Amino acid sequence: MEQIEIFEIPSPCKGICQVNNRGYCKGCYRSREERFAWNNFSDAQKKRVIALCKQRYKRYLASKKHQDAQNSSQNDQQSLDF
């Protein structure tokens, strides 16, 4: 049995509206197509887009953490040079 949604699923827009090099919004992590079609999506489609946005955000954080670790190790190595 499917649960009935009483309230509309809100847009995940954060009001940043800048696109990264992969074509995703830097604020909400939606693609151009997802942003433009949001009002036409069913609730199930909106939930799927939100799930995808969460995955994209987690990947962004993981890559940022990896880059920060690399930068830190490079700085540590440079500080050891005499």
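Filtering region 10-47 down to residues that are within 19 Å of Y60 (Cα to Cα) and of a type in the set (G, A, S), which residue is surrounded by the fewest Cβ atoms within 10 Å (Cβ to Cβ)?
G15
Please go through region 22-42 and pick out each residue that is part of a helix (DSSP H, G or I) and more than 12 Å from P12 (Cβ to Cβ). Explain how you work it out, then say what you get.
If we filter region 22-42 for residues that are part of a helix (DSSP H, G or I), which is where we start, we get 32-40.
If the condition is that a residue be part of a helix (DSSP H, G or I) and more than 12 Å from P12 (Cβ to Cβ), then R32, E33, F36, A37, N39, N40 are the ones that fit.
Quick one: what pairs do we get from region 43-61, first residue more than 15 Å from P10 (Cβ to Cβ), second modelled with pLDDT of 95 or more and assigned to a helix (DSSP H, G or I), C-beta under 8 Å, 6+ apart or different chains?
Filtered contacts from region 43-61: L52/E34.
The values are calculated or read from the model by the stated rules, or taken from the named source; none is laboratory data. Treat the numbers as computed from the prediction; the structure is a model and nothing was measured. All Cβ positions, even for glycine, are placed from backbone atoms using ideal geometry, and neighbour counts span all protein chains on display.
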